[in-house]
Amino acid sequence: LVAACNTLSVEKVSDGKIETFLEPVKLQGISFTKRYMNTSVPTMVRFNVTTTLASDDLTLSWLFDGAQLNVLRIKGPLPDNPGTAYSTELQGENSVEITLHLRDKSLSVGNYTLVVSATTEAVTQSAQASGFVRAAPILPLFPKDRRVLEGDRLLISCEVIAFPKPDRVIWRFAPIKPDMMKDSDALVEARADLALLGENSSEYQFLTKSVPNDQLLFPQLPSAYNGLYECSVGDPENGDESLILVNVKDRWAALWPFIGIVIEVAVLVTAILLYERHQMRSKPLKVDANATATTAATTTEASSPGMNPRTTQIQQQNNINAVGEPNNETTVDGNKGSNAEAGDNKPDELRLRGGVARC
């Protein structure tokens, strides 16, 4: 109760409460119970203003956790769509009952403050009071697993929606082999083997955002912390829990398919080059073998008794050409002589002809 003066004061009548419910959920084969907020049920925070003034002479303003909050003020009948945050008033004798209504997206736990002010005879008076919207602890749901490369930074935030706030968030962990992350039996066993994560560790640390230890940080995530994590607050009946799978991937895992393709291409190119080199070495040997075979065949034909007439004719023609060449020795019926140019040594030619005639 805070009073500004004797004629104006504000007090809280009742706090609000957000309705919640428990529902079973399944995370890749793991069953557990999760708490949810029931947004279909509105909540109300009631205040009483003691004053001799009428409600029309009062000015109202609202704060939520110290920040300005927009609230629609309704003095008469309730409209069809009043919004998600609005106030209603009931005039009494020397008092006004003011009710804050919250629904849908405006359902938030915390501190709601009503500030009432009035101006009379150039004097401004004000008074205020705070009410609270309470709720059982609600933790976030992690529908998908976290995939992180080994050695990378990992931050898991388990933010708590609750009023009053719990003392701290508790973390548990159970390791799972990387190749068993899709095995439902392995996940169920990990759920039963969850062990408390200690406060002191060189590999991880707890951080605080709104509730002590509501964040778990791994500056460089080791592969040994691949598995199932649980964050929880309170007891099973009045608290909440949430599970998350962390899949630690080998840093080079993404490169293995590419490396395999590169190796296959390199092997294929090497095989092609070796084949081409072998073909280039084999071709000259084949040409030499063909040339040798052709030469041998020609020699055989030339020395054979049954020589081709065409070959014999060519050789005779060569002999005739040789006789006609100048300065070559020629044998005629056992007599040797020298060829001469046409018109030279005619007596010798006649003598030779005479010798032939005498024979």
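A few notes on this one:
- Scanning the range 96-116 for residues that are of a type outside the set (A, V, I, L, M, F, W, C) and either farther than 17 Å from residue 129 by Cα or modelled with pLDDT under 95 (or both) yields 103, 104, 105, 106, 108, 110.
- Some residue of the range 20-32 being more than 42 Å from the chain's Cα centre (by Cα) and either crowded, with 16+ Cβ neighbours inside 10 Å or not acidic (Asp, Glu) (or both): no
- Qualifying residue in the range 177-200 (condition: under 23 Å from residue 66 (Cβ atoms) and not in a loop (DSSP other than H, G, I, E, B)): no
- Single match in 188, 169, 211, 148 (criterion: under 30 Å from residue 132 (Cβ atoms) and touching a residue at least 60 places away in the same chain (Cβ under 8 Å)): 169
- Flag for residue 102 being more than 14 Å from residue 55 (Cα to Cα), within 59 Å of the chain's Cα centre (by Cα) and in the same structural domain as residue 53 (by the TED database): yes
- The strands (runs of 3 or more DSSP E) found entirely in the range 1-64 that carry 2 or more residues being free of Cβ contacts under 8 Å to residues at least 12 places away in the same chain and not acidic (Asp, Glu) are 20-27.
The values are calculated or read from the model by the stated rules, or taken from the named source; none is laboratory data. What you see is a predicted model, and the numbers here were worked out from it, not measured in a lab. Positions of Cβ are backbone-derived with ideal geometry, glycine not excepted, and every protein chain shown enters the neighbour counts.
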